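The values are calculated or read from the model by the stated rules, or taken from the named source; none is laboratory data. Keep in mind that what you see is a predicted model, and the values were worked out from it rather than measured. As a convention, Cβ positions derive from the backbone with ideal geometry for all residues, glycine included, and neighbour counts pool all protein chains shown.
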Amino acid sequence: MFKNRKFLNILIILSIIFFTFESAGYYLGTRDVSFSNKGNLSRENGKTSLNALKARNSALRRRLKSLTPDEIYIVIDTGRNMLYLKRGNGKIREAVISAGSGSILKDPSGKRQWIFDTPRGEYHVKTKYIAPAWTRPDWAFIEEGEAIPKDPRKRVDEGVLGDYALGFGNGYFIHGTLYTRLLGRNVTHGCIRVGDRDLKTVYTATDVGTRIYIF
Amino acid sequence: MMRLQLILLFITLIAGPASAGDDKERYIRENRLLEEELTLARKPDIYFVFNLKEKMAYIKARGIHLRELQINDFHCWGSPVSGNVYRLRKKSTFFKPGREMIKPGESKGKDNFKIEALELADMPSRYTLVLDGGVKIFIRPSKGGIVSEIGNLFYTSIRFLILPIAMLWHALRGTPCTAIDIVLDKNDARAVYWSLSEGSGAIIYPP
């Protein structure tokens, strides 16, 4: 094949074209490799003195820093299954939790579907309960393969949510658990399960309105 | 001696204003990014900050650091990043983690409880974050193991063959193209994949 001169010529020409393109692309890619701060600066900024820019920079950093709340707030890391009770940048307590499993349940009728994710973003403690009872939603019966009861009293399940519960909206709660061996794993239907001692601390330290950050 | 002093004076005169100009540009850019972050912090959503200068990545909400991640290494290609907030358009990976389907009634009466869940360990550590404005962030785990090495070899060949062609293509079309390689610890790379969802805001501080 390599004895064929025509083929060899085509191969050389294609290689030259390819490497020309590669070199040009490589040059373009690395030209701004410094990723410098060059860019389209507005004229107004161009006239501002360096000292004024430094002062503005410090002010903006202060404003950003001041956003961290001075009061107690909760941070929940659903990936590592950890809950942090914090004030400012300081950690008051950390606890191993169980967050949502991310599993999907479909109603056999095909009309409804549930995704058991823990919601993410900023929330607030909306309700606080001592010795809460669980009102089982439809998915709890479907998951167990049971018929959905018509009598609402048959939905109430006592003692499964632990000693305390903090609601943060849309039926989601931070609550206790009977399955302490599963703490640290993603097994819930979206709620946050916490061990008894940690739950008591969280319940005592927080009020209605306490901010919760879930990621 | 006199000549040396004159040369030093000349260098000072030339270098002084140039570095002041660079400082000025750096502060203008940084101030703009801080202003953008303050706007982002007004909303209750989770956002990301990739600070290439400090080699840190932050998961944030309302300006609060929720988690800090160390960037082990990074490389930048193409157009400089803008001073705006980017939005995540897509998380691209070879093996996308899948959700478990619950079969009604199956768990009842089971002796061996098996956890069927989507967990952090199921997340990929090698993937691409496609942001708007032609920015792609390639996340890779730190070296370790033969699989990781093969992955890195594959990645390097892509980088040296495909990226230059892509750069040329975008330059000819007049569209911006930025590629950033970020090396994180394996679990940190998984945590970024876990926490970032489509539409999340991201701010990139240049080195």
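Key figures for this structure:
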read-out	value
Sole residue being assigned by TED's automatic domain parsing to the domain that holds A:ASP207 and touching a Leu at 6+ places or on another chain (Cβ under 7 Å), chosen from A:PRO132, A:PRO149	A:PRO132
Identity of the residue in segment B:72-84, buried (at least 19 other Cβ atoms within 10 Å of the Cβ) and touching a helix residue (DSSP H, G or I) at 6+ places or on another chain (Cβ under 7 Å), that ends up nearest to B:ALA41 (Cα to Cα)	B:GLY83
Yes/no for B:LEU196 being out of contact with any Leu (no Cβ under 9 Å at 6 or more places or on another chain) and touching a residue at least 60 places away in the same chain (Cβ under 8 Å)	no
Residue under evaluation B:SER197, criteria (1) more than 10 Å from chain A (Cβ to nearest Cβ); (2) more than 13 Å from the chain's Cα centre (by Cα); (3) of a type in the set (Gly, Ala, Ser), criterion not met	(1)
Total residues in segment B:33-54, condition more than 16 Å from A:TYR123 (Cβ to Cβ) and loosely packed, with under 15 Cβ neighbours inside 10 Å	5
Residue that is surrounded by the fewest Cβ atoms within 10 Å (Cβ to Cβ) [pool: residues in segment A:102-124 that are part of a loop (DSSP other than H, G, I, E, B) and within 7 Å of another protein chain (Cβ to nearest Cβ)]	A:PRO108
Residue match in segment A:46-54 (condition: at pLDDT below 90, assigned to a loop (DSSP other than H, G, I, E, B) and either surrounded by 14 or more Cβ atoms within 10 Å (Cβ to Cβ) or outside the structural domain of A:HIS189 (by TED's automatic domain parsing) (or both))	yes
Among (1) modelled with pLDDT under 90; (2) touching a Pro at 6+ places or on another chain (Cβ under 6 Å); (3) not acidic (Asp, Glu), the one test that B:SER125 misses	(1)
Cβ-Cβ under 7 Å pairs, at least 6 apart or on other chains, segment A:84-101 side in the same structural domain as A:HIS189 (by TED's automatic domain parsing) and over 17 Å from A:TYR203 (Cβ atoms), far side among the aromatic types (Phe, Trp, Tyr) and not in a strand (DSSP E or B)	A:GLY100/A:PHE116; A:SER101/A:PHE116
Some residue of segment A:166-180 being modelled with pLDDT of 95 or more, closer than 25 Å to B:LEU118 by Cβ, out of contact with any strand residue (DSSP E or B) (no Cβ under 7 Å at 6 or more places or on another chain) and not in a loop (DSSP other than H, G, I, E, B)	yes
Qualifying residue in segment A:132-154 (condition: assigned to a strand (DSSP E or B) and within 12 Å of chain B (Cβ to nearest Cβ))	no
Segment B:72-84 - residue that is in a strand (DSSP E or B) and not acidic (Asp, Glu) and, of those, nearest to A:LEU28 (Cα to Cα)	B:GLY78
Check on B:ARG62, of a type in the set (D, E, K, R) and surrounded by fewer than 16 Cβ atoms within 10 Å (Cβ to Cβ)	no
Check on A:LEU41, modelled with pLDDT of 90 or more, surrounded by 12 or more Cβ atoms within 10 Å (Cβ to Cβ) and at the interface with another protein chain (Cβ under 7 Å from one of its Cβ atoms)	no
Flag for A:ARG93 being outside any strand (DSSP E or B) and modelled with pLDDT of 90 or more	no
Residue among B:LYS136, B:LYS143 that is within 20 Å of the chain's Cα centre (by Cα) and either within 14 Å of chain A (Cβ to nearest Cβ) or under 18 Å from A:GLY25 (Cβ atoms) (or both)	B:LYS136
Close pairs from segment A:180-204: first acidic (Asp, Glu), partner in a helix (DSSP H, G or I), Cβ under 9 Å, at least 6 apart	A:ASP196/A:THR180
